[in-house]
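The structure appears right after this line, and notes come after that.
The values are calculated or read from the model by the stated rules, or taken from the named source; none is laboratory data. Since the structure is predicted, the reported quantities are computational estimates derived from the model, not experimental observations. Here Cβ is always computed from backbone atoms with ideal geometry, including for glycine, and neighbour counts include all displayed protein chains. All accessible areas refer to the heavy atoms of the entire protein, side chains included, with ligands and DNA or RNA removed. Shrake-Rupley method; radii C 1.70, N 1.55, O 1.52, S 1.80 Å.
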Amino acid sequence: MTLEGKLLIGQQAVSGQQADIQAVNPATGETLDPIYTGGGKAEVERACELAEAAYASYRETSLEERAVFLETIASEIDGIGDELTARGVAETGLPEARLQGERGRTCGQLRLFANVVRAGEWLDVRIDPALPDREPMPRVDLRQRHIALGPVAVFGASNFPLAFSVAGGDTASALAAGCPVVVKGHSAHPGTSELVGRAIQRAVAKCKLPEGVFSLLFGSGKEIGQALVADPRIQAVGFTGSRSGGTALMATAQARPQPIPVYAEMSSINPVFLLPEALKARGKAIAEGFVGSLNMGAGQFCTNPGLVIGLKGAELDAFVEAAGEGVKGSAAQTMLTPGIHDAYQQGVDRLASHAKVTEVARGQTGESANPCQAGLFVASAADFLADEALQAEVFGASSLVIECADVDEMQRVAAQTEGQLTITLQMDDGDLAAAKQLLPTLERKAGRILANGWPTGVEVCHAMVHGGPYPATSDSRTTSVGSAAIFRFLRPVCYQALPEGLLPEAIRDGNPCGVSRLVDGKRE
C-alpha cells in the first residue's frame, strides 16, 4: 500500500493545514516519506462530530456484531503483511522480531475483547424483581446494565507502535465497550499508524458500521491533543506517555464545563526488592535476570526495573558486581526517537553527577544515531530517602541500587516510593516473614506484585492489572491491559419499573442475550 500522509476522518483521507510531521529512522537519522500535514481544530471538530453521530447506533450493536467487528480489525491488520513490520522497524529502530511479536499481541488483544463482548459479563446485569407484597414497604422492579460512556480520545504511545497505539489496548477496550474512538497518532511512527488506521477503516466499512466509529488524527505540538480532550463530545481519554503530558491532559479534562476521566499511564520505576535469603542463595542468577530485564527493548518499557533495593553487605556487593559486569557487556541499542535519547542521556548524566550516587557500570557505546548505553548506579537508603530527585524515572536501560541497613529501612524505602505499575520480590522460603512485613505497603504502592520474576512483559489476559497509584496512572482503580480494561469506558444505568417494551434487550425477562445475570441476588 502507498502511504499518503493523510489524516483518516471517518471513511475519508484528508490533508491537514498545520505543521508538517515526518518520521525519522532513529538508527540512521534519515527522514522517511511521506510528509504528514498535521490537523487542527477543524479536523478535531469533524472527527468528533462523526463520532458523536455514530455513538447512538454503535453502542447498541449486538454483542455478536461488535465481536465480529473487533475480529475483522485483527484480520485486516494481519492482512497488511510484511509491509507493516518493515515500516515499523524503519520508524522505531526496533528489531523485526519485536514488531512481529507486537503485531501478534495487538491482534490477540482485539480477539480477546471480541470474546469478552460475546460473553456479556461486562454488562454486569443485575435484576431485582418487584416485591409488591413485601412488608413493611414493597419493592419496585429494578434492573441495571452498563452502557458505553461515549466517544473516546486515544493517544498513541511512542514505545509500542502497535500494541499501545492506533489499534492498541485503549482502542480495543473502548470499541469493545461500544465507544467510537478518535486516535491521536504518535508523530514518531505516522506511517505505521496510517497502515493500521486504514485497516480499521476497512473493518468499519466491511461491518457496515457508521463511519464515525473510528478516526485517526496527526498533529505536532499540544494544540490538537488539547483540542481533542476539550471537545464536549469526547467523554473519556486513554493516554500512555510522560507524566507532564498526562497531567496536562488531566488539567484540560478537569477544566471542562463537564469534566471527564483521563486514564493516563505515565511514570513508574518498578522497584525490585532483593530479600536476604534469595540474594544469598542465587545472587548471580538474579543479577543475570535483572540485566536481561533492564536491557529489554533498550529499557523503553513502562515496567523496566529502574530501582533495586537490598540489604547492605557482601551478598548485595556480589549482586552489584555481577550486574555491573552484565551491564558493561551490554551492547548499545537504538532508542525510539531523538527526543527519548536526549531525555535518557540527561537522566543518566543526572545520576552520574549526583554527589550521593556512585556509578557502577556503563554499557557499550553504539554507532547508531540514537544509542542507549546502559547504566547501573548505587546509593544509600538514607540518601535516597533524603532526596526525592532520586525517584525520577529514567526512561531507558538505567537502574539505581539502594543499600539498606535492615528490613525496617527497606520498609521505609517502600513507603516513600511513589505509585508504581509493578513491584517485584526476589525471595526464597526463608524470606517469607520479611515479605509479609513488606506486602501491605507494596499493595498500597503498586498495581502488580511479582515474586521471582521480572516486570517486563505484560500478559494480555483476564487477571492482569497494568495500572497503579499516581503517578504510575491517573486512576489506580483501573487497568489498561487485560479484559477488565473495558470497564474504564462504561457506566451503570438503573432502570426502575420500566415496561418491557422500553427495556434494553440484555435486561429483559427471559435473558434474550444469554448473558450472565445477577437476579434477586443469585447468579443466573
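Annotations for the structure displayed:
- With respect to the conditions (1) closer than 30 Å to ALA251 by Cβ; (2) assigned to a loop (DSSP other than H, G, I, E, B); (3) touching a residue at least 40 places away in the same chain (Cβ under 8 Å), ARG488 lacks only one, and its number is (2).
- Cross-chain or 6+ apart pairs with Cβ under 9 Å, the range 442-455 first and without any contact (Cβ under 8 Å) to a residue 12 or more places away in the chain, then open to solvent by 40 Å² or more (accessible area, probe 1.4 Å): GLU443/ILE449
- Among the residues examined, LEU8 does not qualify as under 18 Å from VAL166 (Cα atoms) and touching a Pro at 6+ places or on another chain (Cβ under 6 Å).
Yes or no, residue by residue, for (1) aliphatic (A, V, I, L, M); (2) buried (at least 18 other Cβ atoms within 10 Å of the Cβ):
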{"position": "PRO305", "(1), (2)": "no, yes"}
{"position": "LEU311", "(1), (2)": "yes, yes"}
{"position": "GLY324", "(1), (2)": "no, yes"}
{"position": "ALA332", "(1), (2)": "yes, yes"}
{"position": "HIS341", "(1), (2)": "no, yes"}
{"position": "ASP349", "(1), (2)": "no, no"}
{"position": "VAL357", "(1), (2)": "yes, yes"}
{"position": "GLY363", "(1), (2)": "no, yes"}
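- Residues in the range 386-405 that are within 15 Å of VAL357 (Cβ to Cβ) and either open to solvent by 10 Å² or more (accessible area, probe 1.4 Å) or in a helix (DSSP H, G or I) (or both): ALA386, ASP387, GLU388, ALA389, LEU390, GLN391, ALA392, VAL394, GLU403.
- Qualifying residue in the range 292-311 (condition: assigned to a helix (DSSP H, G or I), more than 20 Å from LEU94 (Cβ to Cβ), modelled with pLDDT of 95 or more and small (Gly, Ala, Ser)): no
- Considering the conditions (1) under 31 Å from the mean Cα position of the chain (by Cα); (2) buried (at least 18 other Cβ atoms within 10 Å of the Cβ); (3) under 30 Å from LYS280 (Cβ atoms), LYS328 is excluded by exactly one of them, (2).
- Selected residue (only one of ASP383, ASP431, ASP408 is part of a helix (DSSP H, G or I), open to solvent by less than 10 Å² (accessible area, probe 1.4 Å), of a type in the set (Asp, Glu) and farther than 15 Å from GLY306 by Cβ): ASP431
- Qualifying helices (runs of 4 or more DSSP H) (wholly inside the range 132-250; at least 3 residues being open to solvent by 10 Å² or more (accessible area, probe 1.4 Å)): 190-206, 223-230
- Of all residues in the range 45-52, one or more are in contact (Cβ under 8 Å) with a residue 40 or more places away in the chain, out of contact with any Gly (no Cβ under 9 Å at 6 or more places or on another chain), closer than 24 Å to PRO232 by Cβ and not hydrophobic (A, V, I, L, M, F, W, C).
Condition check ((1) assigned to a loop (DSSP other than H, G, I, E, B); (2) charged (D, E, K, R)) across all residues:
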position: GLY29; (1), (2): yes, no
position: VAL44; (1), (2): no, no
position: ALA51; (1), (2): no, no
position: GLU60; (1), (2): yes, yes
position: GLU64; (1), (2): no, yes
position: ILE73; (1), (2): no, no
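- Considering the conditions (1) more than 21 Å from THR422 (Cβ to Cβ); (2) touching a residue at least 60 places away in the same chain (Cβ under 8 Å); (3) within 27 Å of the chain's Cα centre (by Cα), LYS312 is excluded by exactly one of them, (3).
- Only one of ALA74, ALA56 that is among the hydrophobic types (A, V, I, L, M, F, W, C) and out of contact with any Leu (no Cβ under 9 Å at 6 or more places or on another chain): ALA56
- Residue within the range 476-494 that is open to solvent by less than 70 Å² (accessible area, probe 1.4 Å), modelled with pLDDT of 95 or more and over 23 Å from the mean Cα position of the chain (by Cα) present: yes
- Residues of the range 19-34 satisfying the condition of being open to solvent by 80 Å² or more (accessible area, probe 1.4 Å) and in contact with a strand residue (DSSP E or B) (Cβ under 8 Å, 6 or more places away or on another chain): ASP20, GLU30, THR31
- Evaluated against (1) at pLDDT 95 or above; (2) out of contact with any strand residue (DSSP E or B) (no Cβ under 7 Å at 6 or more places or on another chain), LYS445 falls short on exactly one condition, (2).
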